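Working notes, structure below.
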Amino acid sequence: MKEEILSHLSPRHPWREQLQWFDTVDSTNTRCKEMALAGAPHGTVLIAGHQTAGRGRLGRSFQSPDGQGVYLSVLLRPDCAPTQLMHLTCAAAVAACDGVEQVCGLRPGIKWTNDLVVGKRKIAGILTELVHGPNGMGAIIGIGINCRQRPEDFPGELRNMAASLSTVTGRDVDPIALAAALVESLEQMSRRLLTDKDAIMARYRADCVTVGQDISLVRADTVRRGHAEGVDDSGALLVRFPDGHLEAVASGEVSIRGMYGYIL
Ligand code: BTN
């Protein structure tokens, strides 16, 4: 599989040498974290056919059935302080949309902060994590994309809110070709990450379908209703509450329910 992925990449792609394939792995993000702590370089890419313990945001699991999706993590080592990376998850989401558009000819929307949606259904999720070790800081971007599942393949609780790219496009979407397109789009994004923040956030705002929607903010066991008015430069959601005040909500421990009715 590794050779097949490499065959889709340009011969001089700077991350070719650091790309690893796993038939099965617990979680590409977990492995990538371990490798980052052990000193792995910028551009380390891990791609799996199957994950036995795929992880999502807020401690949730990510279903990763064999051969049906893209399960990919990349390690970046940007030369900056972590406070300069507030927009990282937004940048990753835009790069993921670019990869999907390249292969499928269809551009997903982004449900704040970093779920890709088509219509009312989630087709992909992103988990970004920072690590600090003896070799400095590492930023891990993990992307999981549903490619080949049929509606009945999703477990009951996901069936009404998830879909695969094959279902929404009506064509088979090859996880290998899509993984290669993501490696290309993520590498391009990584070169612009620190120099082109404004342009990246402008693209994020254009893709974000949450803005303009009435939403519920869910934090632990509290739910607050509001209206999403925008996204600031750090990626926080600007929410207007019924008493008129505007709050910048960072993604952290918060999930939103909105037009899609699902909690993420
Ligand atoms: C979410 O939907 O909350 C985020 C899902 C992120 C899933 C990807 S799959 C590759 C990488 N490895 C993981 O364990 N998680 C991410």
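The values are calculated or read from the model by the stated rules, or taken from the named source; none is laboratory data. Quick caveat: nothing in here was measured; it's all calculated off a predicted structure. Using ideal geometry, Cβ is built from the backbone for each residue, glycine included, and neighbour counts are taken over all protein chains shown. Areas reflect the complete protein model, heavy atoms only, side chains present, ligands, DNA and RNA absent. Shrake-Rupley method; radii C 1.70, N 1.55, O 1.52, S 1.80 Å.
Does the stretch 215-222 contain any residue that is modelled with pLDDT of 95 or more and assigned to a loop (DSSP other than H, G, I, E, B)? No, that holds for no residue.
Checked against the criterion of being within 14 Å of V131 (Cα to Cα) and either without any contact (Cβ under 8 Å) to a residue 60 or more places away in the chain or aromatic (F, W, Y) (or both), the candidates E17, E34 yield just one match: E34.
Table: residues versus (1) closer than 27 Å to R12 by Cβ; (2) touching a helix residue (DSSP H, G or I) at 6+ places or on another chain (Cβ under 7 Å).
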| residue | (1), (2) |
| --- | --- |
| A139 | yes, yes |
| G144 | no, no |
| P155 | no, no |
| V183 | yes, no |
| E187 | yes, no |
| A206 | no, no |
| V209 | no, no |
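Here Q51 qualifies as among the polar types (S, T, N, Q) and either open to solvent by less than 10 Å² (accessible area, probe 1.4 Å) or within 9 Å of the ligand (Cβ to nearest atom) (or both). Of everything in the stretch 49-67 that is outside any loop (DSSP other than H, G, I, E, B) and touching a strand residue (DSSP E or B) at 6+ places or on another chain (Cβ under 8 Å), the residue that is nearest to P175 (Cα to Cα) is Q51. Anything in the stretch 177-197 that is open to solvent by less than 10 Å² (accessible area, probe 1.4 Å) and either of a type in the set (G, A, S) or more than 15 Å from the chain's Cα centre (by Cα) (or both)? List them, or say none. The answer is A179, A180, L193. For the stretch 68-106, name all the residues that are part of a loop (DSSP other than H, G, I, E, B), over 16 Å from V131 (Cα atoms) and either within 14 Å of the ligand (Cβ to nearest atom) or touching a strand residue (DSSP E or B) at 6+ places or on another chain (Cβ under 9 Å) (or both). Passing the criteria: Q68, L106. When E129 is tested against (1) assigned to a helix (DSSP H, G or I); (2) in contact (Cβ under 8 Å) with a residue 24 or more places away in the chain; (3) not hydroxyl-bearing (S, T, Y), just one condition goes unmet, and that condition is (1). Confirm whether S10 is within 16 Å of the ligand (Cβ to nearest atom) and small (G, A, S). No, not satisfied. Note on the stretch 38-48: residues that are within 12 Å of the ligand (Cβ to nearest atom) and part of a loop (DSSP other than H, G, I, E, B) amount to 0. For T30, the conditions (1) open to solvent by 10 Å² or more (accessible area, probe 1.4 Å); (2) over 14 Å from the mean Cα position of the chain (by Cα); (3) more than 12 Å from the ligand (Cβ to nearest atom) all hold with the exception of (3). Residues in the stretch 54-82 that are open to solvent by less than 10 Å² (accessible area, probe 1.4 Å) and aliphatic (A, V, I, L, M) were compared, and the one that is nearest to I123 (Cα to Cα) is V70. Restricted to the stretch 143-158, and to residues there that are open to solvent by less than 10 Å² (accessible area, probe 1.4 Å) and assigned to a strand (DSSP E or B), the residue that is nearest to the ligand (Cβ to nearest atom) is G144. With respect to I140, determine if the residue is within 30 Å of Q20 (Cβ to Cβ), touching a Lys or Arg at 6+ places or on another chain (Cβ under 9 Å) and touching a residue at least 24 places away in the same chain (Cβ under 8 Å). Criteria met by I140. Only a single criterion out of (1) open to solvent by less than 10 Å² (accessible area, probe 1.4 Å); (2) among the β-branched types (V, I, T); (3) near the ligand (Cβ under 10 Å from one of its atoms) is not satisfied by T128, namely (1).
Given G109, G138, G133, G119, which one is open to solvent by 50 Å² or more (accessible area, probe 1.4 Å) and either more than 11 Å from the chain's Cα centre (by Cα) or of a type in the set (A, V, I, L, M) (or both)? Reasoning before the result, please.
On the way: G109 fails: open to solvent by 50 Å² or more (accessible area, probe 1.4 Å); G138 fails: open to solvent by 50 Å² or more (accessible area, probe 1.4 Å); G133 fails: open to solvent by 50 Å² or more (accessible area, probe 1.4 Å).
Among G109, G138, G133, G119, only G119 is open to solvent by 50 Å² or more (accessible area, probe 1.4 Å) and either more than 11 Å from the chain's Cα centre (by Cα) or of a type in the set (A, V, I, L, M) (or both).
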